């Protein structure tokens, strides 16, 4: 390469393997939770839809990790890692009094979430 040639720099590609698309059942109506004894918004954690779905399948419906992974369309190891992350986040929120927010909140998208600011036109 000559000294006067400048290589075109593209955006840094995502490292590692691309995430496998997860198969997620219907969404829950309630999407955010906050301790009622804490003042202000403070710090919170965010759960991803696949983490919520794994908690539902394994902890509520009683499926084995292999069955839950198959329903999500991912490997057992990926399901285990996502489940472990979700449980760690929930434990952190419960022990440290943090709010729990769900990524992809349907109420916020529809403008019905009391926590999310609205873009109402001035009267």
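All of the numbers you see were taken from the coordinates with simple rules; none came from a lab. A quick note: this is a predicted structure, and the numbers were derived from the prediction, not measured. Cβ atoms come from the backbone with ideal geometry, glycine included; neighbour counts cover every protein chain shown.
A few comments on the model shown:
- Residue 84 paired with residue 36, simple spin-label distance in nm, labels 7 Å along Cα-to-beta-carbon: 3.6 nm
- Rel. contact order, % - alpha carbon contacts under 8 angstrom, at least six apart, the stretch 43-110: 50 percent
- Label point distance in nm, residue 92-residue 65, each placed 7 Å from Cα along Cα→Cβ: 2.0 nm
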